[in-house]
Amino acid sequence: MMLTILAFFGLLVGFSSGFFGIGGGTILVPTLIYFGYDIKTAIGISVMQMIFSSMFGSYHNYKAGVLQLNSGIFLGFGALFGAGLSGVIVDTLSSLSLLILFASVLVLSIYKFFTAPLMPKCEPNESKIVLFGVGFVIGAIAISTGTGGAVFLTPVLVGFLNWDIKKAVGTTLFFIIFGSISGFISLATHGHVDYNVGVAVGIGSLIGVYFGVKLSHRIEKKVQKRALLILYVVMLVLTLNKILSEMNIL
């Protein structure tokens, strides 16, 4: 019964992945924790699910012309190497430390994304070295906290590198493919993956991501930015609540 519930929940996670260009971990990890999974197992399940949604969603983004394939490859290879450290990071840091790390990076992401102009004022920075470095750092942090990295990468691309929001969202979902595969291998090696739950949620997400991507292509940029900001703030509130619970304050 629980697997069936999680499979249906995968529809929501997949839709969010396609629409926001995220891996779904920002929604899935807090939900799995609520269902009683510890954060490290929740991260492993989340990363496994990302492989399903990111591949399928990226295929549709490429067909629609909102995937910067060349830039995405360098971001992805950076994530591939960075995410390889995730197993060690998760083993080294406590659950509370992982939550604080996630919340800290999320606060910076919200600030940069909120202050970034809707239309870039100069040419986007597509330096291969810069993109690889960005991918490496975000891949290591994101996979270790159970997210695909888009919640961090989209604000960096839009706020720091002057990318158009549509192409940033499309490219970050492609970026997630590399980090999720590398992170899955690393986390599985360290015994942090529940395969049955991961497959159930992943299959559900395939259906959801299709509709999320289609809506993302049609919606106005201003509306999409506002929706992303709302998502980030909600995730920050949930994460702060969990941090306070871990510290026995709530």
Quick one: Cα convex hull volume of the chain, Å³ per residue? 102
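How high is the relative contact order of the chain, in percent, counting Cα pairs under 8 Å that sit 6 or more residues apart? Walk me through the intermediate numbers first.
Numbers: 480 pairs, mean separation 101.7, N = 250.
Over the chain, the number comes to 41 percent.
Using the Kyte-Doolittle scale, which helices in the chain average at least 0.5 and also have C-alpha atoms spread 27 Å or more along the helix axis, with helices defined as whole DSSP H runs?
95-115, 165-189, 195-218, 221-246
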Tell me, what is the per residue accessible area of region 117-171 in Å², probe radius 1.4 Å? 37
Tell me, what is a quarter of the convex hull surface for the C-alpha atoms of region 170-211, in nm² with one decimal? 3.3
Cross-link partners of Lys222 among lysines (Cα-Cα below 24 Å; sequence separation of 8 or more within a chain): Lys63, Lys112, Lys121, Lys166, Lys167, Lys214
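Using a 10 Å cut-off on Cβ atoms, rank the peptides 207-216, 92-101, 171-180 from the highest mean neighbour count down.
Working: 207-216: 20.9, 92-101: 15.7, 171-180: 31.2.
For the peptides 207-216, 92-101, 171-180, the packing ranking is 171-180, 207-216, 92-101.
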Measuring from the lowest to the highest alpha carbon on each principal axis, how far does region 25-69 reach, largest first, in angstroms? 40, 14, 13
Report in % the part of the accessible area of region 1-52 that belongs to carbon and sulfur, leaving out ligands and nucleic acids; probe 1.4 Å. 77
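Carbon and sulfur together cover what percent of the accessible area of region 143-250 at a 1.4 Å probe radius?
On the way: 2840 of 4350 Å².
Looking at region 143-250 in its full context, I get 65 percent from C and S.
Going through region 77-159, which trypsin sites (Lys or Arg not before Pro) have at most 14 other Cβ atoms within 10 Å and a DSSP loop state? Display every interim value, and only then the final one.
Working: sites: Lys112, Lys121, Lys128; in loops: Lys121.
Taking region 77-159 and a limit of 14 other Cβ atoms within 10 Å, the loop trypsin sites (Lys or Arg not before Pro) found are Lys121.
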How big is region 81-134 along each principal axis, measuring the range of its Cα positions in Å and listing the largest first? 42, 26, 9
Could you rank the peptides 154-166, 225-237 by their average count of other C-beta atoms within 10 Å per residue, with the highest value first? 154-166, 225-237
So what is Rg over Rh here for region 119-232, counting just Cα atoms and using Kirkwood for Rh? 0.99
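The values are calculated or read from the model by the stated rules, or taken from the named source; none is laboratory data. Please read these numbers as outputs of a predicted model, since none were measured by experiment. Here the Cβ is made from the backbone with ideal geometry for all residues, glycine too, and neighbour counts use every protein chain on show. The area values use the complete protein model at the heavy-atom level, side chains included, leaving out ligands, DNA and RNA. Shrake-Rupley method; radii C 1.70, N 1.55, O 1.52, S 1.80 Å.
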